[in-house]
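Student: What follows is a structure written as structure tokens; I'll ask about it next.
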Amino acid sequence: MRRRRKRRSWSRVARDWLPLVSMIAAYRMLHRWSEPLSKKAHVEPQRGFDSLVFRGTVPSVGIQRRHWNPAEPRWWDYATWLVYLSHFVVTPAVAGVLYVRDPAAFRRFRNIAVTGTFAGYATYVTYPAVPPWLASVRGDIEPTDRVMRTMWEHLGTPRVAAVFGEDSELAFPVGALPSLHAAAPFMVLLFFWDRAPRWRPVLVAYNVAMAGTLVYTADHFVFDILLGWGYAAAVHTGANRYASSKRPWRKSS
């Protein structure tokens, strides 16, 4: 009897977490389309939007020109490095805490995260787009450096740095629009805005820090970030409406 319960519990854990794991597997598969999609990857409208809003200069270019020295990284370079990497920790950590404390909230958070992520993947395939650092390589904008790659090189980890290169076998360089790096923390903000009001300043600060990091590191145009927030808001709104539509049916039953 106990063995059956253990089997059921493990199978339930697998079912609960499989959708989140599938996001990683699906991203890995995107690499197969990287080369053909790179040939037709777009730099507009993101370049035009950023140039128009910021008076003719793409923000990544201007910020790096003033504050980035690849030969001598400063404290804010390490700070942006950590903020960028937090993307790979925050969402799984939030999911893990919810899974233990509130399984129903976990499932709702999981569904929002998975839906938003796969919506982004679908856009990557149908409308591949270049980030600022790759736009610089192609000559579409003035020179920028991919800060994350340079920082890993500075830390003496060239193999990790290679992951952030144009020819990486693990990355999908033309998956820039929308920015899922921006969408993920915004999903967390929306999810906890009413659930944990006292954490609002932290949630807002984290989103601002992530947005600034993505621009500074030349990983995303501002347009990519705004669209990522838009995707997150749309998925969150859709999830709320779906949940609301189910409540009357549950009460009547």
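Student: Give Arg101, Arg138 a once-over and let me know the one that is basic (Lys, Arg), out of contact with any strand residue (DSSP E or B) (no Cβ under 7 Å at 6 or more places or on another chain) and either without any contact (Cβ under 8 Å) to a residue 40 or more places away in the chain or surrounded by 15 or more Cβ atoms within 10 Å (Cβ to Cβ) (or both). Please lay out each step first, then the result.
Tutor: Working: Arg138 fails: either without any contact (Cβ under 8 Å) to a residue 40 or more places away in the chain or surrounded by 15 or more Cβ atoms within 10 Å (Cβ to Cβ) (or both).
Within the list Arg101, Arg138, the selection yields Arg101.
Student: Under 8 Å between Cβ atoms, which residue pairs at least 6 apart in sequence (or on different chains) link something in the stretch 50-73 that is closer than 19 Å to Pro131 by Cα with a partner that is among the basic types (Lys, Arg)?
Tutor: From residues that are closer than 19 Å to Pro131 by Cα, the pairs are Val58/Arg47.
Student: Still on this model: Condition test on Gln46, is it surrounded by 11 or more Cβ atoms within 10 Å (Cβ to Cβ) and in contact with a Ser or Thr (Cβ under 6 Å, 6 or more places away or on another chain)?
Tutor: Values: surrounded by 11 or more Cβ atoms within 10 Å (Cβ to Cβ): yes; in contact with a Ser or Thr (Cβ under 6 Å, 6 or more places away or on another chain): no.
It is false that Gln46 is surrounded by 11 or more Cβ atoms within 10 Å (Cβ to Cβ) and in contact with a Ser or Thr (Cβ under 6 Å, 6 or more places away or on another chain).
Student: So, in the stretch 135-189, exactly how many residues are at pLDDT 80 or above and under 20 Å from Thr123 (Cα atoms)?
Tutor: Total meeting the criteria: 16.
Student: Additional query: What do you reckon, is Arg28 among the charged types (D, E, K, R), assigned to a helix (DSSP H, G or I) and within 17 Å of Ala218 (Cβ to Cβ)? Full working, then the answer.
Tutor: Working: among the charged types (D, E, K, R): yes; assigned to a helix (DSSP H, G or I): yes; within 17 Å of Ala218 (Cβ to Cβ): no.
For Arg28, the condition - among the charged types (D, E, K, R), assigned to a helix (DSSP H, G or I) and within 17 Å of Ala218 (Cβ to Cβ) - is not met.
The values are calculated or read from the model by the stated rules, or taken from the named source; none is laboratory data. Since we're looking at a predicted model, the values are computed, not measured. Please note: Cβ atoms are built from the backbone with ideal geometry, for glycine as well, and neighbour counts cover all protein chains shown.
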